[in-house]
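The values are calculated or read from the model by the stated rules, or taken from the named source; none is laboratory data. Not measured: the values here are computed from a predicted model. Neighbour counts are summed over all protein chains in view; Cβ atoms, including those assigned to glycine, are modelled from backbone coordinates with ideal geometry. Heads up: the accessible areas ignore ligands, DNA and RNA and are worked out on the full protein's heavy atoms, side chains in. Shrake-Rupley method; radii C 1.70, N 1.55, O 1.52, S 1.80 Å.
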Amino acid sequence: MIINLLRGAAAFCLALTPLALPTPAAATALVTVPEVLPLEDAVGKLPVAEEDRTGYTRDSFKHWNTGLDAADGCDTRDEVLLAEAVQEPAVAAGCKLSGGKWDSYYDGVEVSEADKLDIDHMVPLAEAWESGADTWGAERREAYANDQGAATSLVAVTARTIRSKADQDPATWMPPLPDAHCRYIGEWTATKLRWGLTVDPAESEALKVYAEACETTVVHYNPAP
């Protein structure tokens, strides 16, 4: 499907390094080269600020919208499920998904029914609000809540892990699977950098501790449009 190609292209761009930057000016205008940093350096780029959730409502972030392909009958949730499937599901009218398989990396569980998965905002909406999104307009908040421009912003995982996580940051919650921790911290940091979000003092200290343990983890991110 076209949606897999579009989202796959975004993921591919995240894997590029500065050496891949084309030299002609016209080509340069078409290719955005991501920042590529060791995790420790990436964490160090995050501005530290106190957080305030005053005024937050989930309705401040419109989701799910029609996704990358408004003509395919699938919303953002469905498109993420299709993009992240390790075995492609069948798609019926109204984007009804059946069959397929997914790997929930937070807990290492293989899932074979789409309705047992939820789409997690890597940085939860409430956390984004108190980290800077409270100053955004409605259009930018909608773009954030439906962000498929980076493969790490939205992730299909088991519903129970999302219920456990809720709106917590890494100072108080981490995926139950220890082997997922370095990946998770890298993707959390990439998302905050992509959207220019801050971290609170406790969150910053937690990220620094994990960065020391995850010394081989590399962060790739593109600033959001």
Lone unmet requirement of (1) open to solvent by less than 30 Å² (accessible area, probe 1.4 Å); (2) part of a helix (DSSP H, G or I); (3) closer than 15 Å to LEU46 by Cβ for TYR184 = (3)
request  = Collect the residues in the range 85-126 that are buried (at least 16 other Cβ atoms within 10 Å of the Cβ) and among the β-branched types (Val, Ile, Thr), keeping them in residue-number order.
outcome  = VAL91, VAL109, VAL111, ILE119, VAL123
remark   = Scanning the range 127-178 residue by residue, those in a helix (DSSP H, G or I), open to solvent by less than 40 Å² (accessible area, probe 1.4 Å) and within 23 Å of VAL209 (Cβ to Cβ) turn out to be GLU127, ALA128, GLU130, THR161, LYS165
note = Restricting the range 187-225 to residues that are among the small types (Gly, Ala, Ser) and not in a loop (DSSP other than H, G, I, E, B), the one most open to solvent (accessible area, probe 1.4 Å) turns out to be ALA213
inquiry  = Within the range 106-118, does at least one residue satisfy the condition of being farther than 26 Å from VAL33 by Cα, part of a loop (DSSP other than H, G, I, E, B) and β-branched (Val, Ile, Thr)?
reply    = no
query = Within the range 62-82, how many residues are part of a loop (DSSP other than H, G, I, E, B) and within 24 Å of GLY137 (Cα to Cα)?
reply = 10
message = Of everything in the range 69-83, what is open to solvent by 30 Å² or more (accessible area, probe 1.4 Å) and touching an Asp or Glu at 6+ places or on another chain (Cβ under 8 Å)? Give them in sequence order.
response = ASP69, ASP72
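State whether the residues of the range 54-61 include one that is surrounded by fewer than 16 Cβ atoms within 10 Å (Cβ to Cβ), of a type in the set (Asp, Glu) and assigned to a loop (DSSP other than H, G, I, E, B).
Checked the range 54-61: no residue is surrounded by fewer than 16 Cβ atoms within 10 Å (Cβ to Cβ), of a type in the set (Asp, Glu) and assigned to a loop (DSSP other than H, G, I, E, B).
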request  = Mind listing whichever residues of the range 152-169 are closer than 17 Å to VAL199 by Cβ and of a type in the set (D, E, K, R)?
outcome  = LYS165, ASP167, ASP169
